[in-house]
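Remarks on the structure that follows.
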Amino acid sequence: MKSRLSKWIAGAAAAAVVALALPASAQTTYNIASIADFTGPYADIMKDLVGARRAAVDWWNDEIGKGMGIKVGIKDYDGRYDAAQTASLWPGIKAELNPVAVLGVGGPDVAALQGRLPADKVPMFMSTAAYGFAWKPDPWIFNPRPTYGHEAAAFFEWFRSTRGIKGPLKVAIISSEASPAYVDIAKGAEKFAKDNPDKAEIVETIYTEVQPTDLTTQIGRVIRKGAQVIDIQTNTAAVVATKRALQALGKTDIAIMMSSHNGLIASGKAIGGMKDLEGDYEVYGMAVPTDEKTKAHDFQQMVVAKYKAQVTWSVASVMGFNQTLVALRAIEAAARKVGADKVTGEAVRTALMATQLPSDQTFGILPNLTYTNDAPFPVTGLTVNVATIKDGKYVIAAENVPVPAITKW
Amino acid sequence: MFDTIDFLNYLVNGSLVGLLYALIAMGFIVIYRASKVFNFAQGELVVFGGFIVWWMVIQTGLPLFVALPLAMAVSAIFGLIIERIFFSRLVGESSFAMVMVTIGLLILIRGLILLIFGPQVRPFPIIFALKPVIIGDILIPRSLLIGAVITVIVGLGLSWFFNNTRAGLKMTAVAEDHQVALSMGISVKRSIAFAWALGAVLSTLGAIIYLSGKSLNFLASDIGLSALPVALLAGFESIAGVLLAGLIVGAVQGLVTAYVDPVVGGAVGSVFPFVIMLVILFIRPTGMFGWRTIERV
């Protein structure tokens, strides 16, 4: 009797072990390191950006990963938009997560990790436009958008043709040396103007603090030089100071061009109302989060409804979605190529290079992407979208504006 | 080609920005004179004052004539709380210990601001009209012009206070030596408390001038760093000297920004005040008007 009971217990235990082991062996977990900025200059947009990353991972695990036997885990790290902080975090991230992909925030993360990732064989996916200083062959850091210079140049061409301007468009740039990325952004636009003197002329690049004291004198100077557009791809504080200077000088007809991270909505909140930004623009190579019904907007609403995602429809969430979806699609392509249990960072990179990523796969958040070994961003076929404030409303001004070529700087 | 009008615009604008730095630097000096503490958290006091003004005007809708004095009062209380919690216990301790506490304070205040007000960029109310004052071809930002007048009045007033009133002279005695002041029956703790309250109020005043009509988040604390070369050039004990130092640093910075930056394609203007600071530290560590002390061993 005792012997039969022992056999029964042993059998049940074995069955339990097999039952527990089966799902574990059927599903392989891979990790993504999510570098964020919770206490630095972009802390204000992190809730949506990080929320979107998590929502995209939840969706992928449920809809794609489950079928492939893969689960993707994601963990946040506060890089503080500081290269030194990101560099110091990296060894710990590797040891703790052994990630197959990293999601970065901006230039400091690129500066901190561009020398290390090739050796560690982990690709990093950005949500921002690319940088000239990272425009090198054989990349391990990937941007879904061209450089800020490219995005600005696309806007210059569009604005010039829309307004019927015959000569070169006269542009003033507001930048800052607070970050190497800000300087690089200005250099890109300057390079486009230098190579295309018939299309754009930079009347002056003003370097100022991240929180400018007062720009009235500087803006007065660029107005005298005939500036038609003021290019600000740094931060919202610079947009507010510039707009106040324009208002002080009674020159509100000069358009300000912003980027994604300092766009119309964020700058509108910082200045106290969207009406102050009437006729200004934001430009970037990804979906514009207006109220209009689009595939991208549908995706955001779906993840909120189905996965209880804590994410609003904003530029920050579009950025979070874009980089995470590219990373997940690359992991997916790698798993199909090497097998679900053999995915590595190197395999993810190789798969990304070998796979065309149609816009549909990112729910229209990004255009069609084809990466090559030439650059960290797709060098051909890219487009940007332009948004503006019209009658106090945030609307799309132009879609799929082609990005012109710029030589490296 | 050299343009005289441009030159004057840069010079005037730079000088006015320098006087704003001088106002912030006064906060450094007032606290240093009383407690011999170089307060690394001065920029954070500016941000704190800015958020209090924002909260009172934008969030609660108080009229400016009520909100601004109230914000000053809250800042003074905040300064007193800082002194009571951290510095009243450190009287007689080494300067190094006190400086380390101010670094901790910087991190603490920044964390508290993030916790209480969040990381969002906030619209700061328009305190001074946006329209600039135009004299001939010279364009003067109104907030900086009014700020400069306020700075000069405050600087001269404080200088008079420290040199001509009983309370001010007591604080000057405290600034010279805590032990001697104590032996003369002067309350060192009370002087230090007053200095922290005054330093916080000056920071709030600086925030009002600096941020009028612009945006606010914790990055505004960078102005504390910009004011540092002004305090060093003046010498850490001279209130009136800081006005001249502010004018020098601001004017030089304005001209370098206008004429050197475009040539080299970078922000030499923002670095140049710190070059001045290093030169001062090498040549005359006490600054232009700082006290020269003779120690007999």
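Residues in the range B:1-34 that are in contact with a strand residue (DSSP E or B) (Cβ under 8 Å, 6 or more places away or on another chain) and buried (at least 24 other Cβ atoms within 10 Å of the Cβ) were compared, and the one that is nearest to the other protein chains (Cβ to nearest Cβ) is B:Asn13. Would you tally the residues in the range B:96-123 being under 26 Å from B:Leu243 (Cα atoms) and crowded, with 16+ Cβ neighbours inside 10 Å? Adding up the residues that qualify gives 2. Restricting the search to helices (runs of 4 or more DSSP H) fully inside the range B:181-297 and requiring at least 3 residues that are within 14 Å of chain A (Cβ to nearest Cβ) and crowded, with 24+ Cβ neighbours inside 10 Å gives B:188-211, B:222-234, B:239-259.
Just one of the listed residues (A:Val110, A:Val100) is farther than 30 Å from A:Val222 by Cβ and buried (at least 24 other Cβ atoms within 10 Å of the Cβ), namely A:Val100.
Close contacts from the range A:38-55, counting a first residue that is facing chain B (nearest Cβ under 9 Å) and assigned to a loop (DSSP other than H, G, I, E, B) and a second that is surrounded by 21 or more Cβ atoms within 10 Å (Cβ to Cβ) and of a type in the set (D, E, K, R), with Cβ to Cβ under 6 Å and a gap of 6+ residues or different chains, come to A:Thr39/A:Arg80; A:Gly40/A:Arg80.
Just to be sure, is B:Thr172 in a helix (DSSP H, G or I) and within 14 Å of chain A (Cβ to nearest Cβ)? Taking the combined requirement at face value, the residue does not satisfy it.
Of the strands (runs of 3 or more DSSP E) lying entirely inside the range A:184-286, those containing at least 2 residues that are touching a strand residue (DSSP E or B) at 6+ places or on another chain (Cβ under 7 Å), buried (at least 22 other Cβ atoms within 10 Å of the Cβ) and not β-branched (Val, Ile, Thr) span A:200-207, A:255-258, A:281-284. Give me the pairs: first residue in the range A:309-326 and assigned to a helix (DSSP H, G or I), second residue crowded, with 24+ Cβ neighbours inside 10 Å and basic (Lys, Arg), beta-carbon distance under 9 Å, and six or more apart or on different chains, which are they? That search, which allows pairs on different chains as well, returns A:Gly320/A:Arg53; A:Phe321/A:Arg53; A:Asn322/A:Arg145; A:Gln323/A:Arg53; A:Thr324/A:Arg53. Can you tell me which residue in the range A:94-146 is nearest to A:Pro404 (Cα to Cα), limited to those that are charged (D, E, K, R) and assigned to a helix (DSSP H, G or I)? For the range A:94-146, the residue satisfying everything is A:Asp109. Restricting to the range A:287-316, and then to whatever is in contact with a Phe, Trp or Tyr (Cβ under 7 Å, 6 or more places away or on another chain) and buried (at least 16 other Cβ atoms within 10 Å of the Cβ), can you tell me which residue is farthest from A:Ala56 (Cα to Cα)? Only one residue fits best here, namely A:Thr290. Residues in the range B:117-155 that are within 21 Å of A:Gln211 (Cβ to Cβ) and either more than 10 Å from chain A (Cβ to nearest Cβ) or assigned to a helix (DSSP H, G or I) (or both): B:Phe117, B:Ile127, B:Phe128, B:Arg142, B:Ser143, B:Leu144, B:Leu145, B:Ile146, B:Gly147, B:Ala148, B:Ile150, B:Thr151.
Only the coordinates and a few stated rules stand behind these numbers; no lab work does. All values reported here derive from a predicted model rather than from experimental measurement. Here Cβ is always computed from backbone atoms with ideal geometry, including for glycine, and neighbour counts include all displayed protein chains.
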